[in-house]
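These notes are about the structure you will find just below.
The values are calculated or read from the model by the stated rules, or taken from the named source; none is laboratory data. It should be emphasised that the depicted structure is a prediction, and the values quoted were computed from it without experimental measurement. Backbone-built Cβ (ideal geometry, glycine too); neighbour counts: all protein chains shown.
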Amino acid sequence: MRRYGTTPGKPEEYRQGSDKAVRPKDAATLIIVNQEAREPRLLLGKRSMKHKFMPGKFVFPGGRLDYIDQRINVPTELAPPVMERLKKEVSVKVSNAKLKGLALAAIRETFEETGLVVGRPTSVRVNTSHSSWRDYFGHAVLPPLEEMDFIARAITPPYRTRRFDTRFFMVHGDTLHSDPSQVSSASGELLNLHWLTLDEARQTDLPAITRMVIDVVETRLTLSRKQQQEAPAPFVRNARSQWVNSNL
């Protein structure tokens, strides 16, 4: 286990002027690695300055876990080593449906925020009344859960009034059903969406955790896809005003 920071303090990007501890909300993020060009590229967008949480920062698409993400019935499953890693250091009350729902939330949020459909063609029909999922399944696809990798987890420090327990998932560009060049700020949550090389991404205004995740992606890309799904994932959280990083 590694601890980061020797002087107690609050990172500027997380500071909000309140020390009241609140329960973090479950969230999920999706890193799409497009390797069509000579160098791998990642999709990032800029958060509006109107957001209270990390305004103006460049981030990967993602958002909160919805109840529907845990209840929707899709005939695809996460790879066993990915699910086992998700189960580590979680409450015994967390169900497999919720953990699977986190991966589905990452796909749904990406669809809502970017207009991109991450999915595999199918003739299977999935019925739902949820508007975003209904539109997603209208493209005749299924979420490619078996090809998703869980690469990091991070919990916002306890003194934030807005806290998230975020799981970071990764997929490769060949899981995209839609044209990767046809990105749009579908929901307005993310602006200035761009495919950036890892070095270009590092030059943007990134949260510290996003910068760390880019390093994780770079390391994982040296492995085969099977090895990627079996590799450990860093778990970053704040304890006694210091960052703690352990592996899942």
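For the reader, a short list of remarks on this structure follows.
- Options GLY9, GLY17, GLY62, GLY45: the member that is at pLDDT below 90 and within 21 Å of ALA152 (Cα to Cα): GLY45
- Residues of region 159-204 satisfying the condition of being surrounded by fewer than 16 Cβ atoms within 10 Å (Cβ to Cβ) and of a type in the set (Lys, Arg): ARG162, ARG202
- Residue within region 128-139 that is in a helix (DSSP H, G or I), basic (Lys, Arg) and either under 20 Å from LEU221 (Cα atoms) or under 18 Å from the mean Cα position of the chain (by Cα) (or both) present: no
- Among the conditions (1) assigned to a helix (DSSP H, G or I); (2) touching a helix residue (DSSP H, G or I) at 6+ places or on another chain (Cβ under 9 Å); (3) more than 21 Å from LEU145 (Cβ to Cβ), SER184 misses just one, which is (1).
- Residues being part of a helix (DSSP H, G or I) and either touching a Gly at 6+ places or on another chain (Cβ under 7 Å) or touching a residue at least 60 places away in the same chain (Cβ under 8 Å) (or both) - total across region 77-103: 7
- Scanning region 150-190 for residues that are more than 15 Å from the chain's Cα centre (by Cα), among the hydroxyl-bearing types (Ser, Thr, Tyr) and over 14 Å from ALA106 (Cβ atoms) turns up TYR159, THR161, SER178, SER181, SER184, SER185, SER187.
- Selected residue [closer than 17 Å to LEU42 by Cβ and touching a residue at least 12 places away in the same chain (Cβ under 8 Å)] from ARG220, ARG211, ARG153, ARG163: ARG220
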